[in-house]
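Have a look at the structure below, then the notes.
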Amino acid sequence: TALFMKFPVEIAVPSELELKEKFSCYGEISETEIFVESGCAQVVFQRCSDAETAFHSATTNRVFGPETVCFRLRYLSSRSKINDPETAVPGRVEISMPEEERNISRNVEELKENVVQATVSEVPAAENFAASKSNLMEEP
């Protein structure tokens, strides 16, 4: 799991050594990457829980000072790398899902749509509803 950071233009991106010094207290780091041109960096932790702890601490404690640094968690598969450093949003958690999980999510969404459609089709037609309403209004 990676802790991804996007720095504002006025802040220099820390070096890999600085990132390791700042975040190694949260757990073992497997790699760091710096993207100077886009003002981004990422720290990849061996354990997901360490990355999550680092994320929560970084967003709460402003580890880089008063400037607003955008932090994001990326749940990486063993073969994935950072793919879009320009889209960091403060506090946003991004999950990179393997294809099987995407298919499951897609199936769940389709099931939700089917349930909504079935519920809508079970509602009486508008004219029946209007007639029922007028009958109720006429009763004493």
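Just to be sure before I move on: is Glu10 exposed (fewer than 15 other Cβ atoms within 10 Å of the Cβ) and touching a residue at least 24 places away in the same chain (Cβ under 8 Å) in the structure I sent?
Considered against the rule, which asks whether it is exposed (fewer than 15 other Cβ atoms within 10 Å of the Cβ) and touching a residue at least 24 places away in the same chain (Cβ under 8 Å), Glu10 comes out as yes.
Considering segment 21-33 alone, what residues qualify as being touching a residue at least 12 places away in the same chain (Cβ under 8 Å) and either more than 16 Å from Thr1 (Cα to Cα) or touching a Cys at 6+ places or on another chain (Cβ under 6 Å) (or both)?
Lys22
Residue by residue, here is whether (1) surrounded by 12 or more Cβ atoms within 10 Å (Cβ to Cβ); (2) modelled with pLDDT of 95 or more; (3) more than 17 Å from the chain's Cα centre (by Cα) holds:
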residue: Tyr26; (1), (2), (3): yes, yes, yes
residue: Glu37; (1), (2), (3): no, no, yes
residue: Ala58; (1), (2), (3): yes, no, no
residue: Pro66; (1), (2), (3): no, no, yes
residue: Cys70; (1), (2), (3): yes, no, no
residue: Glu100; (1), (2), (3): no, no, yes
residue: Val108; (1), (2), (3): no, no, yes
residue: Lys112; (1), (2), (3): no, no, yes
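Considering each residue of segment 42-56, count those that are β-branched (Val, Ile, Thr) and either open to solvent by less than 60 Å² (accessible area, probe 1.4 Å) or more than 14 Å from Arg74 (Cα to Cα) (or both), and give that number.
If we filter segment 42-56 for residues that are β-branched (Val, Ile, Thr), which is where we start, we get 43-44, 53.
Filter once more, so that each one left must be either open to solvent by less than 60 Å² (accessible area, probe 1.4 Å) or more than 14 Å from Arg74 (Cα to Cα) (or both): 43-44.
So the count comes out to 2.
Mind checking which residues of segment 24-41 are in a helix (DSSP H, G or I) and closer than 14 Å to Arg72 by Cβ?
Ser38
Restricting attention to segment 42-77, which residues are outside any helix (DSSP H, G or I), under 13 Å from Phe4 (Cα atoms) and among the hydrophobic types (A, V, I, L, M, F, W, C)?
Val43, Val44, Phe45, Val69, Cys70, Phe71, Leu73, Leu76
The values are calculated or read from the model by the stated rules, or taken from the named source; none is laboratory data. If you're wondering where the values come from, they're calculated on a predicted model, not measured in any experiment. In this analysis, Cβ positions are derived from the backbone assuming ideal geometry, glycine residues included, and neighbour counts consider all displayed protein chains. Quick note on the areas: whole protein, heavy atoms, side chains included, nothing else; ligands and nucleic acids left out. Shrake-Rupley method; radii C 1.70, N 1.55, O 1.52, S 1.80 Å.
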